[in-house]
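Bear in mind that the values in this text are calculations on the coordinates, not laboratory data. Keep in mind that what you see is a predicted model, and the values were worked out from it rather than measured. Glycine also receives a Cβ, built like all others from the backbone with ideal geometry; neighbour counts cover every protein chain displayed.
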Amino acid sequence: MEKGRLSLEEVNTLVLDEADRMLEMGFQPALDAIFAEVPANRQTLLFSATYPAQIQNIAKQIMVKPEMVKVESNHDSSSITQYFYECDGNKDRMHALRLLLLKHQPESAVVFCNTKRDVKDVAAVLENDGFAVVALHGDLEQRDRDQMLLKFANKSVTVMVATDVAARGLDIDALDAVINYHMAYDTEVHIHRIGRTGRAGSKGAAYTFFGPEDGYKVALLEDYLEREVKGSALPDTSVLNNTPPQPAMVTLHIEGGKKAKVRPGDILGALTGEDGIDGKDVGKIKVTDYRSYVAVNRNVAKKALKKLSSGKIKGKTYRVWQLR
């Protein structure tokens, strides 16, 4: 817009998605510049998982007599069991995180940190400990972010460490656990975090670490929950002898997609054809414009890779490799 390559004079609909996170990330000046360029006579739609005072103020500035539409939570809070652990400093938090992951061995767990630096640090320690982990934060290129989300969604990694911003829009089935490495800045965000587990009638667990600096956050959460937040006992240190869980699946990357007329059924057929793998060992298949991804059972990953690499999909050979 500043370079004169984009004109907003004809805009009739302006949509702001994840508006609360935009403001937390410091996009207010950029938003103000855009508001100044779009016509006053327009429809404005604002979407936000939470509705803090900042969002109310911006709505008053850019919207005319807006209609509020609030969607009820899509899970029953009774399906989520919450546990709290008192931790003093990052060393304590890391120790507690190891104990919980090694004790409960979740197939899919999200660990929320409040900063990108903590996300990178925590993920690095877990990876060094042998966990299959991805780190999701705002510094990632879109392609890298998409691949990480894909690997987590199809269960080829077990732990995702993320900031609230990066984890927006997650659509993960059967998430076993949410771990708040840091307490969320406000209660609404806490509820939004833990609501990612216990969906669609399944049971979920949420584990939250709190320290001496979190007094006011704990007090606000106690008011919301209408109960006292007490620190639970961590698992016995004997669980440190456990082996980190290995993901059930492996993700294969196929260098061909919709533009090459590749469809999910073609990939499934190539995998399960003569001397191929069993259909029950094939997980999620995602086909994008130029590449495709398929999850296969870890036990047959080498066979599946060889089958796709040496065989053909719709009569054509594609480069195939396993995502790390």
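Tabulated data for the structure shown
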| read-out | value |
| --- | --- |
| Sequence-distant aspartates and glutamates (8 or more away, or on other chains) whose Cα lies within less than 20 Å of Lys284 | Glu107, Asp144, Asp146, Asp171, Asp173, Asp176, Glu255, Asp266 |
| Protection-proxy order for peptides 120-131, 175-186, each taking the mean of Cβ atoms within 10 Å per residue, highest first | 175-186, 120-131 |
| Asn57 versus Thr288: modelled label distance in nm, points set 7 Å from Cα along the beta carbon direction | 3.7 |
| Simple Cβ-charge dipole of segment 68-139, Lys/Arg +1 and Asp/Glu -1, about Cα centre, in debye nearest 20 | 100 |
| Cα→Cβ-extended label distance, 7 Å offset, between Lys302 and Tyr224, nm | 4.9 |
| For segment 249-322: span of alpha carbons on each principal axis (Å, largest first) | 31, 21, 19 |
| Cβ-placed point charges (K, R +1; D, E -1), dipole of segment 77-241 about Cα centre in debye, nearest 20 | 400 |
| Test item: Cα-centred dipole of the chain, Lys/Arg +1 and Asp/Glu -1 on Cβ, debye | 1920 |
| Farthest toward positive dipole pole in the chain [+1 Lys/Arg, -1 Asp/Glu at C-beta], among His190, Ala49, Ser238 | Ser238 |
| Cα-derived Rg to Rh of segment 77-241, Kirkwood definition | 0.93 |
| Those residues of segment 94-119 whose amide nitrogen sits under 19 Å from the label point placed on Thr81, 7 Å along Cα→Cβ | 97-110 |
| Prolate/oblate/rounded label for the chain (Cα gyration tensor, a/c 1.5) | oblate |
| Efficiency of FRET from Cβ geometry, Lys120 and Arg319, R₀ 25 Å, rounded to 0.05 | 0.25 |
| Label-point separation, Asp144 to Ser238 (7 Å along Cα→Cβ), nm | 4.2 |
| DSSP-defined antiparallel bridges as percent of all bridges, the chain, nearest 5 | 35 |
| Span-rule helices in the chain, defined as complete DSSP H runs reaching 20 Å or more along the axis (Cα) with Kyte mean at least -1.0 | 90-104 |
